[in-house]
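A.B. asks: Sending over a structure as structure tokens; questions will come in a sec.
The values are calculated or read from the model by the stated rules, or taken from the named source; none is laboratory data. Predicted model only: the values in this text are computed from it and were never measured. Virtual Cβ from ideal backbone geometry, glycine too; neighbours counted across all protein chains shown. Note: accessible area is taken over every heavy atom of the protein model, side chains too, but ligands, DNA and RNA are not part of it. Shrake-Rupley method; radii C 1.70, N 1.55, O 1.52, S 1.80 Å.
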Amino acid sequence: SSGEEVTVTRNCSVSQIAGFANATAAYTTYVARLDCTAGNPPTVTTLYQNTTGLTITWTRTGSGEYLGTFSSAVAEDKFWANGQRKATGMIDVLWLSTTTMRISSFTTSSGAALDELTSAYIEVRIYT
């Protein structure tokens, strides 16, 4: 109450800040890079983050169609996903059921199936 300004400094590590962010988020997240060649299922090239507690198993179901199967149920109203790719074409990520999501890979010019994933990045959020 003397009117003096007091500055308090505390040093935090990056992992402490990340831990705080994960603990206070309204969702858990799965962020990965997927790659595959024609006729093959996607491979997780890099798993950037997985705070969901889920395992996602990737399979190919048809030309440009890939299924991600969750190790536990995920409700539709808790699911959100986004996908981008660095190569030609686009991807779309959709919730299909409590146990599966689908990635569709297609050309931007005609919408025809594109039977490969090159540098496909996805983020899945599961809201609490």
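A.B. asks: Mind pulling the angle between the C-alpha long axis of helix 14-24 and the longest principal axis of the chain? Nearest 10 degrees, somewhere in 0 to 90.
C.D. replies: 80 degrees
A.B. asks: Which percent of Cα pairs goes in each bin when the distances of the stretch 37-103 are cut into 5 angstrom slices starting at zero?
C.D. replies: Histogram of Cα-Cα distances, whole percents per bin: 4, 15, 25, 30, 18, 8, 1.
A.B. asks: Heavy-atom accessible area of Arg60 with all protein chains present, probe 1.4 Å, nearest 10 Å²?
C.D. replies: Number for this one is 90 Å².
A.B. asks: Whole-Hz ³J(HN,Hα) for each residue in the stretch 96-104, computed from phi via Karplus 6.51 cos²θ - 1.76 cosθ + 1.60 with θ = phi - 60°, x for glycine and proline: what do you get?
C.D. replies: Coupling constants for the stretch 96-104: 9, 7, 5, 10, 9, 10, 10, 10, 10 Hz.
A.B. asks: Another one. Need the C-alpha centroid separation for the stretch 71-128 versus the stretch 28-59, integer Å.
C.D. replies: 11 Å
A.B. asks: Go from 0 up to the bin containing the longest alpha carbon distance in the chain, width 10 Å each, and give me the % of pairs per bin.
C.D. replies: 12, 38, 26, 12, 6, 4, 2, 0
A.B. asks: Also: So what is the 222 nm mean residue ellipticity for the chain from helices alone, if each DSSP H run of at least 4 adds -39500 (n - 2.57) and you divide by all residues, rounding to the nearest 500 deg cm²/dmol?
C.D. replies: -2500 deg cm²/dmol
A.B. asks: Next up: Using the beta-carbon distance between Asn11 and Asn82 and R0 = 41 Å, what value does 1/(1 + (r/R0)^6) give for FRET efficiency, to the nearest 0.05?
C.D. replies: The calculated FRET efficiency here is 0.75.
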